[in-house]
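Novice: Sharing a structure here in structure tokens format.
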Amino acid sequence: MILRTPHSPLRTSVARVVAVFGGGGAKSLACAGAWRAMREAGLEIAHIVGTSMGAVIGAALASGATYDEVVIAARSLSRRDVAPIDPLALVKGVFAGNLFKPEGLRRAIGRLVPATRFEALQTPFTLTATDLDSGELLPRRARPRAREPDPRRPGRGYPRRPRLR
């Protein structure tokens with residue numbers, strides 16, 4: 001929802017929005033379609049927020065990948081590529097740390113997201129995800145570097161450090 005008042009700084013010819021992408025595995029590819037629809041409507045995406053697979057799609061778009069690039073890469077993935085079952089976990093049963101091998105998701109993220117560091121993102125981005133190894137919640141927020149840091153103003157020009165709660 002965009003609120004504008006006659007004296008609002010938001011009063012511009014281009015509406016700025018925050019895109020929020022949810023999880024849902026392959027259904028998260030719909031987020032790329034929402035991205036394209038917002039861009040075609042003339043909306044400026046000021047920030048992207050994502051969780052789970054929506055965070056992967058959001059990171060891909062925040063890093064500058066186009067809709068077509070994201071869709072082609074995502075459609076080339078199978079369930080086995082993203083979430084290969086660990087046969088040893090089936091033997092361990094309830095004592096297994098995880099059912100799926102984390103390497104599959106790591107490779108899928110590498111294929112979808114061109115950026116390898118938060119600093120390389122072109123659009124401010126926030127994600128919440130779970131560490132594949134520890135199961136710990138990892139909220140992360142990154143802003144692209146817009147200018148050289150100003151030593152008189154600490155923190156200016158650098159992405160903010162995430163606050164873990």
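Novice: What residues qualify as long-range amide H neighbours of ILE45, i.e. H under 5 Å apart, gap of 5 or more or another chain, H built at 1.01 Å from N?
Specialist: Those lying under 5 Å, H to H, from ILE45 are VAL17.
Novice: Within region 27-86, what whole-number % of the accessible surface is contributed by carbon and sulfur, with the 1.4 Å probe and all protein chains included in the calculation?
Specialist: Here carbon and sulfur together make up 54 percent of the probe-accessible area.
Novice: Would you please put 39-48, 94-103 in order of how densely packed they are, using the mean number of other Cβ atoms within 10 angstrom per residue and starting with the highest?
Specialist: 39-48, 94-103
Novice: Moving on to the next point. Just to confirm, what accessible area per residue do you get for region 27-66 at 1.4 Å probe, in whole Å²? Walk me through the numbers before you get to the answer.
Specialist: Numbers: 1530 Å² over 40 residues.
Per-residue value: 38 Å².
Novice: Something else now. Tabulate in residue order the Karplus-calculated ³J(HN,Hα) for region 29-43, using 6.51 cos²θ - 1.76 cosθ + 1.60 with θ = phi - 60°, rounded to whole Hz; enter x for Gly and Pro.
Specialist: 5, 4, 4, 5, x, 5, 4, 4, 5, 5, 5, 5, 7, x, 7
Novice: Moving on. Subtract the Cα-Cα distance of ALA30 and LEU90 from 0.36 nm times their separation in residues, and report this length gain in nm to one decimal.
Specialist: 18.4 nm
The values are calculated or read from the model by the stated rules, or taken from the named source; none is laboratory data. The structure displayed is predicted, hence computed values, not measured ones. We place every Cβ from the backbone using ideal geometry, glycine too, and count neighbours over all the protein chains shown. These area figures cover heavy atoms from the full protein model, side chains too; ligands, DNA and RNA do not enter into them. Shrake-Rupley method; radii C 1.70, N 1.55, O 1.52, S 1.80 Å.
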